[in-house]
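Everything below concerns the one structure shown next.
The values are calculated or read from the model by the stated rules, or taken from the named source; none is laboratory data. Because the structure is a prediction, the values reported are computed rather than measured. So basically every Cβ, Gly included, is an ideal-geometry build from the backbone, and we count neighbours across all protein chains shown.
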Amino acid sequence: MRAPTALRWIEYTLLVVGLLLLGRWTATATIAHRFQAEAARELTEERAGTGLGSGLEGEDATRAPAAAVAQGRRAGSAARPEAGRSVGRIVIPRIGLSAMIGEGTDGGTLERAVGHVRGTPLPGECGNVSLAGHRDTFFKRLGRLGRGDLIRISTAGDDFSYRLTATRVVGPRRVDLLHDSHAELTLVTCYPFHVIGPAPARYLVQACPIAPRGRPEAVAMSPAPRVPNSGSPRHARHRSGRTPAEPVRAATMFSSWR
């Protein structure tokens, strides 16, 4: 009689664990869906006021006005978004991805959005825009991308298009690649994609901007100039408006993702 009783307790335990996991997944998915819907609505409303479309996949994102991009390149001193607030939308047609971008890479933000790595430029600013996502949610198909694939980012004031130039697998402490001058957009997630438990490496997608048709010279953003290492606060806060402490937080985050 003891064996059937023990098996029954094991069955009950596994059932409870399964229900708890299902409940957590449902709650997380609901929060993510709500954030994505609200952020998409806000972005559409903000873009409507500037005469831009919704920024979805079917629209021609390469028609971004050159004047607006030039203004964005000079906007390094603009106010930074609050943590968790929507930054824009990323669309990757090849893998069917259309997701809102949130400011920051804390656990809550990455559960409901693609995260913009704090301390890196925002879309339209000179430098390497860095975005992060979980390997089992928004970035689960990132490994299917190849050289030349299109990546689009839409913000409240403009559209930006990029072509993939390289993919690479690196260690979790290669924070320097978030500031790589050879790319102007970097997507990062944990790797391998299907491993169970902590991931030992990071998968990076690097891309460079595409100039809108008819105005290539005005929109193709050049690599950011070197900043003198004078130790002065005037040089510490440069093109993207980040403070010296923010890259340190990015380094800690990059090495602790799972």
Checklist outcome for this item: Taking region 107-117 and keeping residues touching a residue at least 40 places away in the same chain (Cβ under 8 Å) and surrounded by fewer than 23 Cβ atoms within 10 Å (Cβ to Cβ) leaves GLU111
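Considering only residues that are among the hydrophobic types (A, V, I, L, M, F, W, C) and at pLDDT 95 or above, which ones fall in region 171-189? I'd like the intermediate steps shown before the answer.
Let us first name the residues in region 171-189 that are among the hydrophobic types (A, V, I, L, M, F, W, C), namely 175, 177-178, 183, 185, 187-188.
Hits for region 171-189 are LEU185, LEU187, VAL188.
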Checklist outcome for this item: Picked from region 171-213 (must be more than 25 Å from VAL91 (Cβ to Cβ) and among the aliphatic types (A, V, I, L, M)), the residue surrounded by the fewest Cβ atoms within 10 Å (Cβ to Cβ) is ILE196
Checklist entry - Under the condition of being under 15 Å from THR105 (Cβ atoms) and in contact with a strand residue (DSSP E or B) (Cβ under 7 Å, 6 or more places away or on another chain), which residue from region 73-90 is modelled with the highest pLDDT? => result ILE90
